[in-house]
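Asks: Handing you this structure, nothing more for now.
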Amino acid sequence: MRRVMVLLFFVVFCALPGISLFCDEPNQNEPKRDLFFIPMASYDYLSLGVQRVHSPGLGLGIIKGEQDAPFDEVGKRFLLAVQYKPFLFQGDPAPSVPRNLHSTRFFFDGRRERHQFLAVLNAASDKPVAGGLQTFRAGLGWGYEVLRSPRLSLILGGMAGLGGLGITQPNGEPFPALPLPLVRFKFKTGWFDTSFDFIGDPSINFTIAPGRRIRFTGNMRMGSYRSIEDLIGEGVLWYRFFPAAHPLGDLAGIGLGFTNESLGFKLSSGGDKTFEIQYTGIFGVLDLTLIQVKGGYALNSREFHGDAKQNHAGGGWFISVQGMYRF
């Protein structure tokens, strides 16, 4: 237990002092503000067969500098986000699985010229972090932008991974620390934007026809490798209410999409005991920037206990409401 808390302390508090590296000295002649605080709140509800899951959430984001600045104007900037979400099951999720599960996330992404600094913590369990190494994943990383142009960016580096990274010792316990690669790739044209991140788990985001009122966005990630069902993500066909030249810009829009989503937890009982619900569905979404409402129908769902698919939880429906405010 003491070892786990020391590792967590190391990840979080090594990242926080580093914020000063990305802050410029105050300039009395430059009143423009570039430090913002963004409180966030959310509520998700999932109904699958006999399963009912309520999930309220709270978070806070802090940003400094222009996050999507032109390639030749990147100086210092950072983004920090923390989030907590409980998952409250109305009935027993499965034998020996508690009704109340928790998710905690911490993310720091800082940049100074071509240098990239990252700190991440993802914990989803009945006892996040406190339940042992297997209940969280964390890492500290550095990368350098080896390719840089108006359309292309490639950052390569490494990370020190901590916690349950999927590789175990002969006694069944996870290795407490492992070296991991860090890869971040972006490519941008007038009709296609894409980014690929390999920060522990691979993920990709893309937009077809960015800046147009009708566009398509998608994202995919993969944390397990049992079958194609572990390819998690969504795609949305959007209609934005205002053109890019409008004073309101990209303020609001509606969309239709499909999703393959996952609720996965590492339990504190030890070993590789996991509990996961996956569902595939279609949905509609209303995006007003400060608030987003999404609801849809789950066509089918699956339950996993460890790597074994136990049963199909059935179809159902889901709703998600997210709000934020910048000040």
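The values are calculated or read from the model by the stated rules, or taken from the named source; none is laboratory data. Bear in mind the structure is a predicted one, so any value in this text is a computation, not a measurement. In this analysis, Cβ positions are derived from the backbone assuming ideal geometry, glycine residues included, and neighbour counts consider all displayed protein chains.
Asks: Would you be able to say whether some residue in region 240-262 is closer than 17 Å to residue 97 by Cα, touching a Ser or Thr at 6+ places or on another chain (Cβ under 9 Å) and either acidic (Asp, Glu) or in a strand (DSSP E or B) (or both)?
Replies: Among the residues of region 240-262, at least one is closer than 17 Å to residue 97 by Cα, touching a Ser or Thr at 6+ places or on another chain (Cβ under 9 Å) and either acidic (Asp, Glu) or in a strand (DSSP E or B) (or both), which makes the answer yes.
Asks: With the structure loaded, tell me whether residue 250 is charged (D, E, K, R), surrounded by 16 or more Cβ atoms within 10 Å (Cβ to Cβ) and touching a residue at least 24 places away in the same chain (Cβ under 8 Å) or whether it fails that test.
Replies: Values: charged (D, E, K, R): yes; surrounded by 16 or more Cβ atoms within 10 Å (Cβ to Cβ): yes; touching a residue at least 24 places away in the same chain (Cβ under 8 Å): yes.
Yes: the conditions hold for residue 250.
Asks: Here is a follow-up. From the set of residues in region 214-231 that are part of a strand (DSSP E or B) and aliphatic (A, V, I, L, M), which is nearest to residue 273 (Cα to Cα)?
Replies: 222
Asks: Now a separate question. Residues that are of a type in the set (D, E, K, R) and under 21 Å from residue 265 (Cβ atoms): find the strands (runs of 3 or more DSSP E) completely inside region 285-327 holding 2 or more of those. So that I can check it myself, show each step before the final result.
Replies: Details: elements: 291-305, 308-311, 316-324.
Where strands (runs of 3 or more DSSP E) fall fully within region 285-327 and carry at least 2 residues being of a type in the set (D, E, K, R) and under 21 Å from residue 265 (Cβ atoms), they are 291-305.
Asks: Out of the residues in region 54-97 that are modelled with pLDDT of 95 or more and among the hydroxyl-bearing types (Ser, Thr, Tyr), state the one that is nearest to residue 320 (Cα to Cα).
Replies: By that ranking, first place goes to 55.
Asks: With 259, 280, 289, 274 as the choices, which residue is of a type in the set (S, T, N, Q) and farther than 28 Å from residue 89 by Cα?
Replies: None of the other options fit; the residue is 289.
Asks: Listed residues 211, 200; which is closer than 28 Å to residue 106 by Cα and either small (Gly, Ala, Ser) or free of Cβ contacts under 8 Å to residues at least 40 places away in the same chain (or both)?
Replies: After ruling out the rest, the residue left standing is 200.
Asks: Give the residues of region 90-101 that are in a strand (DSSP E or B) and surrounded by fewer than 19 Cβ atoms within 10 Å (Cβ to Cβ), sorted by residue number.
Replies: 94, 97, 100
Asks: Give me the residue from region 102-118 that is buried (at least 19 other Cβ atoms within 10 Å of the Cβ) and over 27 Å from residue 135 (Cβ atoms) and, out of that set, modelled with the lowest pLDDT.
Replies: Restricting to residues being buried (at least 19 other Cβ atoms within 10 Å of the Cβ) and over 27 Å from residue 135 (Cβ atoms), the top hit is 111.
Asks: Does residue 232 satisfy being out of contact with any Lys or Arg (no Cβ under 8 Å at 6 or more places or on another chain) and within 20 Å of residue 44 (Cα to Cα)? Full working, then the answer.
Replies: On the way: out of contact with any Lys or Arg (no Cβ under 8 Å at 6 or more places or on another chain): no; within 20 Å of residue 44 (Cα to Cα): yes.
Judged against the criteria, residue 232 is not a match.
Asks: All but one of (1) within 22 Å of the chain's Cα centre (by Cα); (2) farther than 19 Å from residue 277 by Cα hold for residue 234; which doesn't?
Replies: Of the numbered conditions (1) within 22 Å of the chain's Cα centre (by Cα); (2) farther than 19 Å from residue 277 by Cα, the odd one out for residue 234 is (2).
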